[in-house]
Structure formats: C-alpha cells, structure tokens
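Notes follow once the structure below has been shown.
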Amino acid sequence: MDITAIRFPKQPEGMISFLDQEHMREVGGFHQSFPMYQETPLVSLKNLAGCLGVKSFYVKDESFRFGLNAFKVLGGSYAVGKYIAQKLGVSITQLPYERMVSDAVKEAVGDLTFVTATDGNHGRGVAWTARQLRQKAVVYMPQGSSRERLENIRAEGAEASILNLNYDETVRFAAQQAQKNHWIMVQDTSWPGYEAIPRWIIQGYGTMALEACQALPERPTHIFIQAGVGALAGAVTGVFANRYPDDKPTVIVVEPEQAACIFKSAQAADGKPRFVTGAMRTIMAGLACGEPCSIGWEVLKHYADFALVCTDETAARGMRILGAPLADDRRVISGESGAAGVGAAADIFLQPQNQKIREQLGLNEDSVILCFSTEGATDRKSYQEIVWNGKFANLMGGAGNAGK
C-alpha cells in the first residue's frame, strides 16, 4: 500500500540524559526484581530478510511481557514504583519488588489510587501493578474500546469503564477525576505541570529497548517504531541514540494515516507539536492518539530521522506476515498496533510504488532492520477477523479509539 514519509528537521543536542545508561540500569534493575520478570524474545526472521532482500530482520516480541501480552506494563510499573519511592523519600534502587510489596511499605504509604486512560494495554499494566503492590486502580477507556480488553483490566481488580469520548478527551477526563478525588494520574501524555510521571513511564519503556540492544548480534541500521503519543518512540529513539552516539541507526516513526500527530508535527518543521482531532478511525487502536507527548516529541524532533504514515491494510499485512512466517522463521502473534512497524517495512519493499521511499530511507541489501511487536492478540476477535477473514477497515466500531 502507499506509504508517505517525511524527514524530521532534527537538531541533535548530545546525550538524552534521562535515558542514559545510568538511568537505564536503575530502570532495568527495578523490573528485574519482579519474580515474574523474563526478558522477551528477540526473533531473527532470516527468511523474511531474504525475501525482502536485506541483510537481517529482527523483531522484539512483547507478547510475553509479564504474562500481560504487551510491553505497556514496563512504563506503568516503573512510574508507580518511582511515585512510591518519592513518597517515601528513598531511591527506587532501595525498593525492589520484595520490599515494595511488604507490610512496612504498605503501612508507610497508606491506600493509594492510581488512575489512567487507556485503550487496553496500558490500563491493564497499571491495574496489574496496583494489584501487585496492594493498591487500587481506576481505568477509563475511550469509546469503541474492546470488551475483551475491558474485562482483562477488571480481572486485575481495577474499576474500569468505557466512556463516550475519544482517547484525548478520555485522558482529560481521567485527569479531572484525579484532581477531584486526590488520585494519582499515570499517563504517558504530558502537559505543563504534569511531566514527572510521563518521563518515568518513558524510562520504563526503555527496558524493552535496552534488552533489544543487548540481545542484538549486530548494530541495526534501521529501526521501525510505531507511535501513538510518541512516548514509546521517544524511549526507543533515546536509548539507541545514547547507545550509538556516533553511528545511530536510522529511526522511522510509524503512525496510522488517520492519527498522524507526530508526522504532522515533523511536517510543520518548526519544532512545535501538532494535534489531530476527531474520530481517528483505524484498527491500530493503540496508536490512535491525536496529541503528542511533549517529552517524547522533544526526543523525536532531535533524534528520529523519518516520520511515516501507513494505512490499516499495512498493519494487517504485518500481522499476517508475522503470524504465517516463511519456512522456519519463528511465528510472532502480533496485534494491530504491534505489527505496524513490520507491515510498513515489508510494504516499502514489496510494493513497487514505494521504491522512492526505500531509497529515501537508505534501505538496501546491507540493511539490518529492527521492529518491535509491542502487543500480542489482546483483542482475539479483532485478530481473527483480520488474519482469517482479511478485514482491515475500522473494526473498532467507528469511534475515536486510541491510547494504549
């Protein structure tokens, strides 16, 4: 399918300090203290690489993350942990999981309620973390959200409901409820006065990128990373920019054409974020966000290379490629948002009309491509409709789906 790409008007400024090696060691140490922690697989798709005519093609499979089928718990758990550590006046390095769940910590912090807006994965991660740490969670979901994702959140003990609002409106509603009820907002969208927790969430996402860095047998030349508000993309870009300061991989940020706030921000070429409004109809529910995270955007505008928009059909193709691999390539079950990067990379090679895009991005037979499958089949009905029945046009009810 047709793909459109534009170069970021970047102005590199050195290291991204909050995603440097010292911070990432701290974040990784916190996640590794959880007894259910296990590094997720980095899959080498050798036959796909041969089919596309590139040197290597790697996919980080987040469907195994903490048993929650998505990477999002990394951000929510670290942010909640940092909040509790700050409340106690200690470093999070002094609060590994075993101590965090202790009676002493519970007595010291009391009863806390964490609130968030989500399409599913982020809310489930926050609910799971609150349950693990013996606290409460309230989760709001935008109009058209998957019933299965709602029930998965409730199964973690959270109070959860679907509102008649789009994602960005749901975020604002959650923020209002947090202020009204003295709850703690846990969101990777940032705004003036609300930046500490989104920054912690982005750092939490860095664990996934750091694992990929350490597992890769070779330096990637190109990274395709999907964006909703841009927090995940900022985390991945920042970690790799710090890891390879003199030879950074080319970073391509992938978005749905109906929710391309990062693309529009790059296109404006003035360094300021741009918003997208309306229903944002797309199967890529986790990417249907209209307002960039200011912290993520600051990283992307300086260190990402290209912003790219694709159709729902591209994401659907990515799901099928991963779900029905070539020869002995390992199968990866990837949801609509999770497969967007793979779908975009494949379409750039497989569709003749995208040859100029391929040249623009510098992709060739020496390319080493890295993608992140950020979720499994978190909505099994939708997954089956797309992979079995070939549907890709707005399976989500025509509403303003978004979020994580």
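The values are calculated or read from the model by the stated rules, or taken from the named source; none is laboratory data. Worth saying up front: this structure is predicted, and the values here are computed from it rather than measured. Reconstructed Cβ throughout: ideal geometry from the backbone, glycine too, with neighbour counts over all protein chains shown.
For the reader, a short list of remarks on this structure follows.
- Helices (runs of 4 or more DSSP H) contained entirely in the range 121-185, each with at least 1 residues that are among the acidic types (Asp, Glu), assigned by TED's automatic domain parsing to the domain that holds LYS106 and under 19 Å from PHE71 (Cα atoms): 147-154
- Residue within the range 304-313 that is closer than 23 Å to ILE201 by Cβ, within 19 Å of the chain's Cα centre (by Cα) and not charged (D, E, K, R) present: yes
- Here PRO245 fulfils each of the conditions (1) under 19 Å from HIS23 (Cα atoms); (2) assigned to a helix (DSSP H, G or I) apart from (2).
- Selection status of GLY125, touching a residue at least 40 places away in the same chain (Cβ under 8 Å) and either under 28 Å from LEU370 (Cα atoms) or surrounded by fewer than 20 Cβ atoms within 10 Å (Cβ to Cβ) (or both): yes
- Lone qualifier among ALA231, ALA235 - being out of contact with any strand residue (DSSP E or B) (no Cβ under 7 Å at 6 or more places or on another chain) and within 18 Å of ARG274 (Cα to Cα): ALA231
- Here ALA241, ALA304, ALA227 are screened, and the one residue that is hydrophobic (A, V, I, L, M, F, W, C), closer than 21 Å to THR170 by Cα and modelled with pLDDT of 95 or more is ALA227.
- If you go through the range 149-165 and pick out every residue that is β-branched (Val, Ile, Thr) and over 20 Å from the mean Cα position of the chain (by Cα), you end up with 1.
- Counted residues, the range 264-289 - those being buried (at least 24 other Cβ atoms within 10 Å of the Cβ) and either within 17 Å of the chain's Cα centre (by Cα) or not in a helix (DSSP H, G or I) (or both): 9
- Restricting the range 166-220 to residues that are over 19 Å from the mean Cα position of the chain (by Cα) and acidic (Asp, Glu) leaves a set whose member that is farthest from ILE369 (Cα to Cα) is GLU169.
- Residue pairs whose Cβ atoms lie under 6 Å apart, separated by 6 or more positions or on different chains, with the first residue in the range 132-155 and surrounded by fewer than 16 Cβ atoms within 10 Å (Cβ to Cβ) and the second of a type outside the set (S, T, N, Q) and part of a helix (DSSP H, G or I), are ARG134/LYS106.
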